[in-house]
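Participant: The following block contains the structure, expressed as structure tokens.
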Amino acid sequence: MKSEKQINKDRLWTKDFILLSLSNLLLFFGFQMLLPTLPAYVSQKGGGNLAVGMVISLFTISAVLIRPFSGAALDLIGRKKVLMVGFIISLFAIGSYYIAITVLLVLFLRIVHGLGWGISSTTNGTVASDLIPAARRGEGMGYFGLSSTLAMAIGPMIGVMIIRSSGFGVLFFTSFVSTFLAFLLTFFIKIPETNRNMSKNVHTSFTSRLIEKRALFPSLLVLLFSITYGGIVSFITLFGKEAGIENVGWFFTMNALFVFITRPISGRLFDKKGHFFVLFPSAFFTIIGLILLSYASSNLTLILAAVFYGIGFGSIQPSLQAWTINRVSADRRGAANATFFSAFDLGIAGGAMVLGTIAEMTNYEHMYRYSSIFIVIYLVIYLLYMFQEKK
């Protein structure tokens, strides 16, 4: 039996973990509200298709570019200071959207917001990995990820409802308040700090401070997976029109529901059995989900596709992140998280471009079928890795 000291050491639901999860929920909620609505805001200000497309791309690019630097700063400067900087930048951007008088200024603020988002989201993930006991890291990252999943499920819907009923002013105010409350909660969290002197004294190159080599393999796997997700978030509405499905929103609702259900279960399995028992079978759920989606012509098939894909998403993403953290020392978690999240963002952006090109050459039905090839590649690479590990 475990001693009382060991039980306390393995406690997951501490005050700090709960407050951090709530802060992350509010941060992601404020962000998700703006995803489907800011393109409409730019269009209302007279922006054309190019400007509307840049709303997402500029944000993603700036977030990806800042993540490695924020990861290095987390390990060298400290979690608390970096988190404060990320929140302040995000609040400045959100608070300035409504007074931006030109499309160009809105796009500039998207770059600024991307920097703040890249810093704050990377920091939250790193602090979570510090707070979660090593023996329960898979389970803990699964539960922590539920905060962003819940925000993803309700944020876009509420954002659209607000602009329809009250306009963009109320939207930006609500997003600002949500982000500000997330910021306030961080003052009540005891954020553990690593031995920064140890990080500073290790003779490493500038590049190795930005990118954690031990995180590269799980990051490659999450990049391959997120390519398929990029195809879904970018084109499922257009696919619905092509397939004659009226409400593709069912996919996101059911996907979010099964991600929510799956994360804690897969996390416990990760901690007890290891990554293989999660990452290998979950790939098949993902492939089935993508194939079902490609053949969807009714809400029933669409929902079935979302169930399978949600199980895959809810298992693979948090397990790969937990595996990434387990592969590095505490003083390199910032760089490891930055490497992981950068790969995830790049996969989504790359998926939108690559799969969009495939869709132009064929159609959306075939595009989703072809996107499953990236999960097959994921499986081949992962099995080769496992084979090498056993030798």
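The values are calculated or read from the model by the stated rules, or taken from the named source; none is laboratory data. The structure presented is a predicted model; accordingly, all values stated were derived computationally and were not measured. Backbone-built Cβ (ideal geometry, glycine too); neighbour counts: all protein chains shown. Accessible surface areas use protein heavy atoms only, side chains included; no ligands, DNA or RNA. Shrake-Rupley method; radii C 1.70, N 1.55, O 1.52, S 1.80 Å.
Participant: Of the residues that sit in region 82-106 and are assigned to a loop (DSSP other than H, G, I, E, B) and hydrophobic (A, V, I, L, M, F, W, C), which one is surrounded by the most Cβ atoms within 10 Å (Cβ to Cβ)?
Facilitator: The qualifying residue surrounded by the most Cβ atoms within 10 Å (Cβ to Cβ) is ALA100.
Participant: Within region 294-315, identify whether any single residue is among the aliphatic types (A, V, I, L, M), part of a helix (DSSP H, G or I), under 17 Å from the mean Cα position of the chain (by Cα) and at pLDDT 90 or above, and answer yes or no.
Facilitator: yes
Participant: Within region 51-65, does at least one residue satisfy the condition of being free of Cβ contacts under 8 Å to residues at least 24 places away in the same chain and closer than 19 Å to SER342 by Cβ?
Facilitator: Within region 51-65 (the criterion being free of Cβ contacts under 8 Å to residues at least 24 places away in the same chain and closer than 19 Å to SER342 by Cβ), the answer is yes, since at least one residue qualifies.
Participant: Select from region 57-81 the residues that are among the small types (Gly, Ala, Ser) and under 19 Å from the mean Cα position of the chain (by Cα) and write down the one among them that is surrounded by the fewest Cβ atoms within 10 Å (Cβ to Cβ).
Facilitator: Taking the candidates together, the pick is SER57.
Participant: Helices (runs of 4 or more DSSP H) wholly in region 3-54 with at least 2 residues that are among the aromatic types (Phe, Trp, Tyr) and modelled with pLDDT of 85 or more - which ones?
Facilitator: Answer list for region 3-54: 15-32.
Participant: Residues that are at pLDDT below 85: which helices (runs of 4 or more DSSP H) entirely in region 143-261 hold 3 or more of them?
Facilitator: 196-201, 206-210, 216-243
Participant: Any idea which of (1) farther than 15 Å from PHE59 by Cα; (2) open to solvent by less than 10 Å² (accessible area, probe 1.4 Å); (3) out of contact with any Leu (no Cβ under 7 Å at 6 or more places or on another chain); (4) of a type in the set (Gly, Ala, Ser) is the one GLY118 doesn't satisfy?
Facilitator: (1)
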